[in-house]
1. For the stretch 56-98, give me each residue that is polar (S, T, N, Q), assigned to a loop (DSSP other than H, G, I, E, B) and out of contact with any Ser or Thr (no Cβ under 9 Å at 6 or more places or on another chain).
2. Could you list, in sequence order, all residues of the stretch 64-78 that are without any contact (Cβ under 8 Å) to a residue 24 or more places away in the chain and touching a Gly at 6+ places or on another chain (Cβ under 6 Å)?
3. Taking the condition exposed (fewer than 12 other Cβ atoms within 10 Å of the Cβ), touching a strand residue (DSSP E or B) at 6+ places or on another chain (Cβ under 9 Å) and not in a loop (DSSP other than H, G, I, E, B), does Val40 pass?
4. Name the residues in the stretch 6-37 that are part of a loop (DSSP other than H, G, I, E, B) and within 20 Å of Phe88 (Cα to Cα), would you?
5. Do you know which residues across the stretch 65-88 are over 19 Å from Ala37 (Cβ atoms) and out of contact with any strand residue (DSSP E or B) (no Cβ under 6 Å at 6 or more places or on another chain)?
6. Please work out which residue is surrounded by the most Cβ atoms within 10 Å (Cβ to Cβ), limiting yourself to the stretch 64-78 and to residues that are over 29 Å from Cys90 (Cα atoms) and among the charged types (D, E, K, R).
7. Gln46 - would you say it is assigned to a helix (DSSP H, G or I) and not acidic (Asp, Glu)?
Amino acid sequence: MTLPARNHTISLADASALTKRFQKANPNAIKAGAFHADQVLKMLGQPGCVAMRVYYGQAADGTGNLVLTAMDSADNDLTGGVILEVVFPCPPFCGGGNSLNS
């Protein structure tokens, strides 16, 4: 199934409400994960890539993790190329406090 058109942008107020709700319901979970831009751009620059999918994963020690993969126009994961994981978890990699992470 091809992904339908959608504007994925969100206001800071709405994004803050989403992250605060998650953080309140999951106080011991990581808040976010950071990836280096050059690696994300390499993944997105693969031939046929039209979107990105984020999988929620769990490391062997039980901590949450994210797996990023590129997708083609038929909604298939591009599994033969660059796939990313091993996020820099927030905390401790949260940067300055803002309405998304505090």
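Values quoted throughout were computed directly from the atomic coordinates according to the rules given, and no laboratory measurement underlies them. What you are looking at is a predicted structure, and each value in this text was computed from that prediction instead of being measured. No Cβ is skipped: glycine too gets one built from the backbone with ideal geometry, and neighbour counts run over all protein chains shown.
1. Scanning the stretch 56-98 gives Thr63, Asn76.
2. Val67
3. Values: exposed (fewer than 12 other Cβ atoms within 10 Å of the Cβ): no; touching a strand residue (DSSP E or B) at 6+ places or on another chain (Cβ under 9 Å): yes; not in a loop (DSSP other than H, G, I, E, B): yes.
Criteria not met by Val40.
4. First, pick out the residues of the stretch 6-37 that are part of a loop (DSSP other than H, G, I, E, B): 6-11, 26-31, 35-36.
Scanning the stretch 6-37 gives Asn26, Pro27, Asn28, Ala29, Ile30, Lys31, Phe35, His36.
5. Of everything in the stretch 65-88, those that are over 19 Å from Ala37 (Cβ atoms) and out of contact with any strand residue (DSSP E or B) (no Cβ under 6 Å at 6 or more places or on another chain) turn out to be Asp72, Ser73, Ala74, Asp75, Asn76, Thr79, Gly80.
6. Initial filter on the stretch 64-78 (over 29 Å from Cys90 (Cα atoms)): 72-76.
From what is left, the residues that are among the charged types (D, E, K, R) are 72, 75.
Numbers: Asp72: 15, Asp75: 12.
Checked the stretch 64-78; the qualifying residue surrounded by the most Cβ atoms within 10 Å (Cβ to Cβ) is Asp72.
7. Values: assigned to a helix (DSSP H, G or I): no; not acidic (Asp, Glu): yes.
No.
This table checks each residue for (1) touching an Asp or Glu at 6+ places or on another chain (Cβ under 9 Å); (2) surrounded by 14 or more Cβ atoms within 10 Å (Cβ to Cβ); (3) free of Cβ contacts under 8 Å to residues at least 12 places away in the same chain; (4) of a type outside the set (D, E, K, R).
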| residue | (1), (2), (3), (4) |
| --- | --- |
| Pro4 | no, no, yes, yes |
| Gln23 | no, yes, yes, yes |
| Ala29 | no, no, no, yes |
| Ala32 | no, yes, no, yes |
| Met52 | no, yes, no, yes |
| Gly62 | no, no, yes, yes |
| Gly80 | no, no, yes, yes |
| Gly96 | no, no, yes, yes |
